[in-house]
Amino acid sequence: MGRKYRLRAALRLVLGGLLIPLALLAPDDSYADGHYALEFRGDGDFVQLAHNESIDLTEELTFTAWVYTRSWSARWHQFAGKGDNSWMLRRHSAGNDLHLALRGLDAEFQGYTAPYWEAPFFEWVHLAFTFSSLEGEAKLYVNGRAILQDADLDGRLNSNEFPFVIGANKEEPGSARRFHDGYMSDIRLYNRVLSTGQITGILERSGEVTDGLVVHWKLDEGSGQTAVDSSGAGNHGEIVGGAWVTIDEPFWGIKTPNLQGLSREEALSVIETERFTIGEVAEVDPDGRILRQRPQAGQRAPQGSPIDFMIGDAVRIIFDTDMDTDCDDAAALAMLHALADRGEAEILATVVSTKYPWSVGATQAINAWYERVELPIGSPLLGEGADPRRGSRFAREITEEFDPPLWSNTQAPDAVEVYRRVLAEQPDNSVVIVTVGYITNMRHLLDSEACEHSPLSGEELVAAKVREWVCMGSRYPADLDPGVWGNFKPDPKATVEAVNRWPTQITFTGGGDFAWSLATGECLHETPEDNPVRRAYELYFEGESEDRHSADQIAVLVAVRGADARYWELVTEGHNHIFPNGTHEWREEPDNPKHRYISALADGVTTREVIEMFENLMVRSPGIFPGEQHGQDTREGDHGVLSRD
């Protein structure tokens, strides 16, 4: 539901231990009371209006909107539309270009990709298009300028009974992806064609056009779940998800107050503490003076910005995977990269827990496709471990197809060396380890001794640096089947010792029926053919990608968004008793406050909702935030060391 930011959801400034929401500064007194826009967070937020005759526009229409994009959440990222078979304004799947799709007409489909125009990130853009079956013409506008025109159309648009939706492609609400990640304001739909001058007048706010207006969502209510229609037609929209943010007038864009060098008191004098909006986390010195500002999680600073290009309050993650017997490891790693692209996670290392020789190569191939080939990677070279003969349907093939720098596990450093080096560099109590494979590395880490990276023993290092271990393993509340499968039983001694000796919080997440109820994977066919995660599923199923249980995806989301997130039913009383053969059962006595588990959804949370959340992340474009090449879409083409003709 639409809401103003609060606490964790707020973008906030840390000043001397006080969380202060930053408000954007109004450009003049006329906006002193605040002007709002609606935030769409790329994973389920949209506004919809149920079908009615006034919006079933087949002969003439004009659509206009102010749009601010932070990232591409998916291929065919959608701004607005009325069903796939009528009209859609969206991002083209193969690039960063604006695309207008019209369905109906004599040719059934007309798609227009704006030439030489890349949708910019981190700035407001005014988008508009017009269509006339009477004139046989369509025009696409950006900031009042017609950048595309077709004057040779014949026929009408299709009539349908789908809702008018902004922020998503949703012929049936709740069933599709392609959500907008950014903000929108001043949405208009007309039942006639506006002239270029009229569109410019709307953009410049120099002339109001009401004739033919059937929907006008200003999106400046600032609260509630209704997009109020100002057209007089009564076409009020339903807000699903979303968050209200305070902004300047969209035409002037977003301005962030510069607080660098100010004291706490000085900062308080230039920001509004009553409203919640786009802001930053700041680093302060011992005297409370602001040293530098950092983008909030989920954003990076636009080019030329004085804001430091750093991750804000992202969760520091070490990902530990077997990457051999099952393909959900690949999907879980894809999700983690997507969460890192959103700024929610900072991936410190990806470590494999199996001695199967091709697991490092497959893991690094995925890292490289997501433009993080440099991530530290290790494997259990020393000591006991799971039997490497269990094999994999995809790891060797992924390694050979994508040719990462490291092919074999033996080419990577030992996993414990990677763990100790990475952990020693982190602040105390800051790291979350998520294991979606065997427990081998956890035992070896606890057994490790002081080294060049840290004078602490393994247990001391974990106690100092690791806030939580999220452990995907087995089924809950018990798994007493002695068959050697799953994550606990292939290396049972490691499981017993690691679970019993671990000095900080462990959150166990379950597989079995719970993970199968959230099955995903078929959605990967929407991604490019050279996506190694898609290939992992195709190789696993020996054909097209199909749905598979989401055990590892559950663990990743718990690690990044927290065990106390609203999705999960969290069991906190009792302890996980591990038997010598790796089987286990949850026992209510004695209670171990460091043990808890998740193996069910919370009341009111549907499987469809969580599946969509997983799928949105699994198909999300890599490298979605602009860097040296502003706004470049990196799903297809050059993927660094993995580029292919």
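Checking the conditions here, which among PHE131, PHE162 is touching a residue at least 12 places away in the same chain (Cβ under 8 Å) and touching a Lys or Arg at 6+ places or on another chain (Cβ under 7 Å)? So that I can check it myself, show each step before the final result.
On the way: PHE131 fails: touching a Lys or Arg at 6+ places or on another chain (Cβ under 7 Å).
Criteria check complete, one pass: PHE162.
Anything in segment 539-557 that is of a type in the set (Asp, Glu) and either free of Cβ contacts under 8 Å to residues at least 24 places away in the same chain or over 13 Å from LEU524 (Cα atoms) (or both)? List them, or say none. Outline the logic, then answer.
Going residue by residue through segment 539-557, those that are of a type in the set (Asp, Glu) are 542, 544, 546-547, 552.
Across segment 539-557, the qualifying residues are GLU542, GLU544, ASP552.
Just a yes or no: is a residue in segment 332-349 among the basic types (Lys, Arg) and part of a strand (DSSP E or B)?
No; the residues of segment 332-349 include none that is among the basic types (Lys, Arg) and part of a strand (DSSP E or B).
Does LEU134 satisfy the condition of being hydrophobic (A, V, I, L, M, F, W, C) and either open to solvent by 50 Å² or more (accessible area, probe 1.4 Å) or part of a loop (DSSP other than H, G, I, E, B) (or both)?
yes
Can ASP564 be described as in contact (Cβ under 8 Å) with a residue 60 or more places away in the chain, open to solvent by 10 Å² or more (accessible area, probe 1.4 Å) and not in a helix (DSSP H, G or I)? Break it down stepwise before answering.
Details: in contact (Cβ under 8 Å) with a residue 60 or more places away in the chain: no; open to solvent by 10 Å² or more (accessible area, probe 1.4 Å): yes; not in a helix (DSSP H, G or I): yes.
No; evaluated as a whole, the condition is false for this residue.
Is at least one residue of segment 418-433 of a type in the set (A, V, I, L, M, F, W, C) and either modelled with pLDDT under 95 or part of a loop (DSSP other than H, G, I, E, B) (or both)?
To start, the set of residues in segment 418-433 that are of a type in the set (A, V, I, L, M, F, W, C) comprises 418, 422-424, 431-433.
Filter once more, so that each one left must be either modelled with pLDDT under 95 or part of a loop (DSSP other than H, G, I, E, B) (or both): none.
Checked against the condition, which is being of a type in the set (A, V, I, L, M, F, W, C) and either modelled with pLDDT under 95 or part of a loop (DSSP other than H, G, I, E, B) (or both), segment 418-433 yields no hits at all.
Failed condition for LEU219, given (1) closer than 19 Å to VAL67 by Cα; (2) open to solvent by 30 Å² or more (accessible area, probe 1.4 Å); (3) assigned to a loop (DSSP other than H, G, I, E, B); (4) modelled with pLDDT of 85 or more, with all others met?
Exception for LEU219: condition (2).
Determine, yes or no, whether GLN48 is at pLDDT 90 or above and open to solvent by 10 Å² or more (accessible area, probe 1.4 Å).
For GLN48, the condition - at pLDDT 90 or above and open to solvent by 10 Å² or more (accessible area, probe 1.4 Å) - is met.
Go through segment 70-127 and give me each residue that's of a type in the set (D, E, K, R), at pLDDT 75 or above, open to solvent by 10 Å² or more (accessible area, probe 1.4 Å) and in a strand (DSSP E or B).
Across segment 70-127, the qualifying residues are ARG70, ARG90, ARG103.
Would you mind finding the one in ILE199, ILE187 that is within 21 Å of LEU134 (Cα to Cα) and either touching a Lys or Arg at 6+ places or on another chain (Cβ under 7 Å) or not in a loop (DSSP other than H, G, I, E, B) (or both)?
Matching residue, one of ILE199, ILE187: ILE199.
Can you pull out every residue in segment 529-547 that is within 19 Å of GLU612 (Cα to Cα) and assigned to a loop (DSSP other than H, G, I, E, B)?
SER545, GLU546, ASP547
Answer with yes or no whether ASP326 is open to solvent by 10 Å² or more (accessible area, probe 1.4 Å), charged (D, E, K, R), modelled with pLDDT of 50 or more and under 22 Å from ILE439 (Cβ atoms).
So ASP326 passes the test.
Residue pairs, Cβ under 7 Å, 6 or more apart or interchain, first in segment 515-528 and under 10 Å from SER545 (Cβ atoms) and part of a helix (DSSP H, G or I), second acidic (Asp, Glu) and open to solvent by 10 Å² or more (accessible area, probe 1.4 Å). List them.
GLU522/GLU546; GLU522/ASP547; CYS523/GLU615; HIS525/GLU544
Please determine whether any residue of segment 386-407 is open to solvent by 10 Å² or more (accessible area, probe 1.4 Å), polar (S, T, N, Q) and either over 30 Å from ASN616 (Cα atoms) or in a helix (DSSP H, G or I) (or both).
No.
Scan segment 36-45 for residues that are of a type outside the set (D, E, K, R) and either crowded, with 24+ Cβ neighbours inside 10 Å or modelled with pLDDT of 95 or more (or both) and report the count.
Residues meeting the conditions: 4.
Given the criterion buried (at least 16 other Cβ atoms within 10 Å of the Cβ) and not hydrophobic (A, V, I, L, M, F, W, C), identify the matching residue among PRO532, PRO580, PRO593.
PRO532
Looking only at residues that are assigned to a helix (DSSP H, G or I) and under 26 Å from the mean Cα position of the chain (by Cα) in segment 495-514, which one is surrounded by the most Cβ atoms within 10 Å (Cβ to Cβ)?
Of all residues in segment 495-514, those assigned to a helix (DSSP H, G or I) come to 495-501, 512-514.
Now restrict to residues that are under 26 Å from the mean Cα position of the chain (by Cα): 512-514.
Values: GLY512: 15, ASP513: 11, PHE514: 21.
Here the answer is PHE514.
May I ask you to list the residues in segment 455-482 that are over 18 Å from ARG443 (Cα atoms) and without any contact (Cβ under 8 Å) to a residue 60 or more places away in the chain?
PRO455, the sole residue that qualifies.
Name the residues in segment 428-473 that are in contact with a strand residue (DSSP E or B) (Cβ under 9 Å, 6 or more places away or on another chain), open to solvent by 10 Å² or more (accessible area, probe 1.4 Å) and among the hydroxyl-bearing types (Ser, Thr, Tyr), would you?
SER430 - this is the single residue of segment 428-473 that is in contact with a strand residue (DSSP E or B) (Cβ under 9 Å, 6 or more places away or on another chain), open to solvent by 10 Å² or more (accessible area, probe 1.4 Å) and among the hydroxyl-bearing types (Ser, Thr, Tyr).
Scan segment 180-195 residue by residue and report those that are touching a strand residue (DSSP E or B) at 6+ places or on another chain (Cβ under 8 Å) and over 29 Å from ARG70 (Cβ atoms).
ASN191, ARG192, VAL193
Restricting attention to segment 319-357, report how many residues are under 10 Å from the mean Cα position of the chain (by Cα) and of a type in the set (D, E, K, R).
3
Looking at GLY486, GLY391, GLY473, GLY385, can you tell me which residue is more than 33 Å from the chain's Cα centre (by Cα) and among the small types (Gly, Ala, Ser)?
Answer to the check: GLY385.
Whether any residue in segment 170-184 is within 30 Å of GLU612 (Cα to Cα), open to solvent by less than 10 Å² (accessible area, probe 1.4 Å) and at pLDDT 90 or above is what I want to check.
yes
If we scan segment 544-553, do we find a residue that is in contact with a Ser or Thr (Cβ under 7 Å, 6 or more places away or on another chain), among the acidic types (Asp, Glu), closer than 23 Å to GLY437 by Cα and open to solvent by 60 Å² or more (accessible area, probe 1.4 Å)?
The answer is yes, given that some residue of segment 544-553 is in contact with a Ser or Thr (Cβ under 7 Å, 6 or more places away or on another chain), among the acidic types (Asp, Glu), closer than 23 Å to GLY437 by Cα and open to solvent by 60 Å² or more (accessible area, probe 1.4 Å).
The values are calculated or read from the model by the stated rules, or taken from the named source; none is laboratory data. Computed from a prediction, not measured in an experiment: that's the story for all the values here. Note: ideal-geometry Cβ built from the backbone for every residue, glycine included; neighbour counts use all protein chains shown. Ligands, DNA and RNA are excluded from the accessible area calculation, which covers all protein heavy atoms including side chains. Shrake-Rupley method; radii C 1.70, N 1.55, O 1.52, S 1.80 Å.
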